[in-house]
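What follows is calculated from the coordinates using simple rules that are stated; it is not laboratory data. A quick note: this is a predicted structure, and the numbers were derived from the prediction, not measured. Virtual Cβ from ideal backbone geometry, glycine too; neighbours counted across all protein chains shown.
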Amino acid sequence: MADFLNKMVNWINIEPTVGLLMIITAIVLFGSGFQNYKETSSDFWTWLKKLLETSVGAIVAATLFVGLMWGFRIILNDNVASFYSTHGSLSDASRSSAFTIWGRPHEQIELTVNHSIEVEELEEQPRENPEDAPTYKTILVRKDVPQNSIVGFAGQVNMRLSEREKGYAFYSGYVLDVAFEYDILNDSNLTTDATFNFPLSYGQTLFENFVITMDGQDLSPKLRISSDVVTWTTKMKPHQESKIVITYSSRGMDYFYYQIPIQREIRNFVLTLEVDRLPVSLVNYPDGTITPTDIKPTKDNLGSILTWQLDRAITVAGMGISLLPPEQPGAQVLRVLVLSPYALTLLGAMLALTMIIWGMKVRFLDMSLLSAVYSMQFLLMAAISDYFFGFWGSLVIGASLTLFLSYLLFRRLPSRPMRWSIYGLIAFFTIIYPLSGLITELSQQNAFHALMQVGMILYITGLSLYVASLRKEQDIQAS
């Protein structure tokens, strides 16, 4: 019992509207059990027996209603879980596996250049007798020559989007063609040994057509590659200007990021990033990036061209683009299915309250059949949306079948206004409410649910006033 109460409390905390409505409906159902209770017997034990029988019946009615809604919620929640497991289950394990196959997010760190020279120094030699005169040996010592060697940069990155599939999920993959041109200057009066370090994006699976040239000369024989870094050393004369060109093709997922790793004076910097199938309106950025200087569409208006221009600047913020995750298979269906347990509970509670207000006994066979018919709509969508008619077709077929069977279920109700109020509720929760799952903006979702809650309150209040006025008119006519 304690476990059941804890689950009820958790349910109310997670879904306060549904939980409160279910409690109110259960209380009203319990109270309605005493609506026609009359006992004229003067015998105490007969009166007590009748009261206990009525109380037990009321408790059973309220418990059956809550249990009925809870049972069908379990069915619909299981339907959601089963559909999600085969339609875009973006698990961490699946993403990690996709990284190992297609490549991680591409994070390119800028080339760094360190200048050094060898100078002769006298090194005192060890002496056996401290009183002996010191002796010295000439040795070569390497010393850094600090300077800001990168005086210009022009980068061109072409990104071709290529969605990748792993398991039942799709990920935002891409192919990169990269060309970086660095203008290098030895601004000292010394001939230096310039050591170049070009980091490779960590964990990438593939680099193709990787070529580095210096002043048009291929540096492949001088390159040393280890621990995701390409290094080489070359002599640079005093005030020598050279151009380093680095080109390669690679691939990755989720985002591209270029960063200047240390603070320095950035001069004549231009980075252009062109994405083939990402409209300007959908451009987004990774964390810690600066916005582009210019954004414009490609010639076919299907992609975007982002340009960063910096001069006499200092920053270690990155530059890049973040891709939107592709819509997963059955995403629209999944968003509708997620709402189904919530919708069923609301519909059941509103129908029970409607019947009680009209003075009709809540027949649990009808409620069970309606719950089954309503659940069938979402079970059918999950079953056929991949194979026949897609999202809209499965929605129309499921909703039509639910509405038709609901009509057959309640068409013999004696009061026409009561039938129309019940049909209106079923139509709303069969057609309009499921479509609210297509709303992706959180603010719009909150606004819709707030308006729906207001609408339910107005509906119950208005229906109660309307039924009360009808009964008053009937009493006047009868008298």
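On the beta carbon distance between residue 233 and residue 151, with R0 = 25 Å, the FRET formula returns roughly 0.80. Going by a ≥ b ≥ c, the root eigenvalues of the Cα gyration tensor, does the range 343-397 fall in the rounded group (a/c under 1.5), the prolate group (a/b larger than b/c) or the oblate group? It comes out prolate by the Cα gyration axes. Taking every alpha-carbon pair within the range 266-341, the share separated by more than 20 Å comes to 47 percent. PRE reach from residue 268 (point 7 Å along Cα→Cβ): which of the range 159-193 fall under 14 Å by backbone N? In the range 159-193, the label zone of residue 268 (backbone N under 14 Å from the point 7 Å along Cα→Cβ) covers 181-187.
Over all pairs of different C-alpha atoms, the range 79-142 has a mean inverse distance whose reciprocal, the Kirkwood radius, equals 19.0 Å. Normalised Debye scattering of the range 103-322 at q = 0.09, 0.14, 0.15 Å⁻¹ gives log10 I(q)/I(0) of -0.46, -0.91, -1.01, counting only Cα atoms as equal scatterers and leaving out solvent. The alpha carbon radius of gyration of the range 352-479, expressed as a multiple of 2.2 N^0.38 Å, is 1.27. Straight Cα distances below 15 angstrom link residue 137 to the aspartates and glutamates 120, 121, 123, 124, with same-chain residues fewer than 8 positions distant left out. In percent, what relative contact order does the range 103-322 have, based on Cα pairs under 8 Å that are 6 or more apart in sequence? For the range 103-322, the relative contact order is 24 percent.
All Cα-Cα distances of the range 73-211, cut into 10 Å bins from zero to the largest, leave 9, 21, 18, 16, 13, 10, 7, 4, 2, 0 percent in each bin in turn. Backbone phi angles across the range 413-421, fed through the Karplus curve with coefficients 6.51, -1.76 and 1.60 (θ = phi - 60°), yield HN-Hα couplings of 4, x, 9, 5, x, 5, 4, 5, 5 Hz in residue order; Gly and Pro are listed as x. If a spin label sat at a point 7 angstrom from the Cα of residue 222 along the line to its beta carbon, the backbone N atoms of the range 161-203 nearer than 18 Å would be those of 180-188, 190-199.
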